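Structure first, commentary second.
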Amino acid sequence: MASEASIVWNQPGVERIPRSFGRLWLLRRLARGGMGEVYLAATAGLEGAERPCVVKIIRRDHASDRSFLARFLDEARVQAQLQHHGVAQVLEASTDPTGEPYVVVEYVEGRSLGEVRTVVDIGANRGQFALAARNCSPDARIVSFEPLPGPAETFRQVFSGDARVVLHPVAIGQVRREMTIHISAADDSSSLLPITAMQRSLFPGTGEVGTAVVQVAPLSEFLSATEIEQPALLKLDVQGYELEALKGCEGLLGCFAYVYAECSFIELYEGQPLADTIIAWLRERGFRLEGIYNLTYNPKGRGVQGDFLYVHN
């Protein structure tokens, strides 16, 4: 494994693909950044039984930096503990015989984020989506927003060594003000709207356990159009507050090639606009719905919510 890994970094510009990497086969390089390289790979095994995966290999010139190595492996440990549809699950995190670390994560089909240069992550929680974005786009700038102190602190720990990630401890809305957030027992289900009985029934363990006052402000207070490098993606996971958050981004909406937002077909938070309202609002502003992913259903088979991808015409 050591000699194979060394080929990547000791011979710049030379690629031997496909090639073995321990018990894996590296099939194609997906991305290259300042921290390392990301490869599409497959587990070795019986023909037809290989399993696709993604391998992240650290840059060789960071191998002697103990603090960098510690952050690299800490990120993998945190990612392994996160259960979220926006984060590929960690299958393995280890070091090769020379002591250089690598991480193996599951491979998930979908639109590539590799081309994205700026990610605005509204409703960041502990950094689940930001981690997925960083794995896909190693050099992208990520600007995240999370108003709850607990998840925000975890986010800061995960990305403490990443200078291209910024976290603002606020929620996004139309105007600068203070609002009450309804804290769920599962904090990633917390919302600026009250939690309904339907939410609690369909997703046990998400009932309200308290409230807090948080800051809300429009996106333009933190970013200007010239700071959003193209192409850019706007992601929202705000538990029913999608329309108000989008209105808080409206002045900059034309800067984004993609909008990726969780939307619901059933009212899970009091007064939340449903998916058809969000689709129509974005269509009026030049975004078409391209796909719906990670759909969840109620016991009767009715769609409850999903992740909606919109593309700027």
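In a fully extended conformation the segment linking Leu91 and Ala163 would gain 23.3 nm over its present Cα-Cα distance, using 0.36 nm per residue. Using C-alpha pairs under 8 Å with a sequence gap of at least 6, the mean separation divided by the residue count of the range 112-264 gives a relative contact order of 25 percent.
Remark on the range 118-312: hydrodynamic radius 16.9 angstrom, per the Kirkwood mean of 1/r across alpha carbon pairs. Placing a label point 7 Å from the Cα of Glu267 along the Cα-to-Cβ direction, no residue of the range 199-241 has a backbone N closer than 11 Å.
Applying 1/(1 + (r/R0)^6) with R0 = 51 Å to the Cβ-Cβ distance of Asp276 and Ser64 gives a FRET efficiency near 0.40. In order along the range 157-170, phi translates into HN-Hα couplings of 5, 4, 10, 4, x, 10, 6, 9, 10, 10, 10, 10, x, 9 Hz, rounded to whole numbers, per the Karplus curve 6.51 cos²θ - 1.76 cosθ + 1.60 with θ = phi - 60° and x for Gly and Pro. Amide H to amide H distances under 5 Å link Ala93 with Val104, where only residues 5 or more positions off or on other chains count and H is placed in the peptide plane. Taking every DSSP bridge with both residues inside the range 118-312, close to 55 percent are antiparallel. Under 5 Å from the amide H of Gly36 lie the amide H atoms of Arg59, each residue being 5 or more positions distant or on a separate chain, with H modelled from the backbone and absent for Pro and chain starts.
Throughout, read-outs are computed from the coordinates displayed, never taken from laboratory work. Keep in mind it's a predicted model, so treat the numbers as computed, not measured. We place every Cβ from the backbone using ideal geometry, glycine too, and count neighbours over all the protein chains shown.
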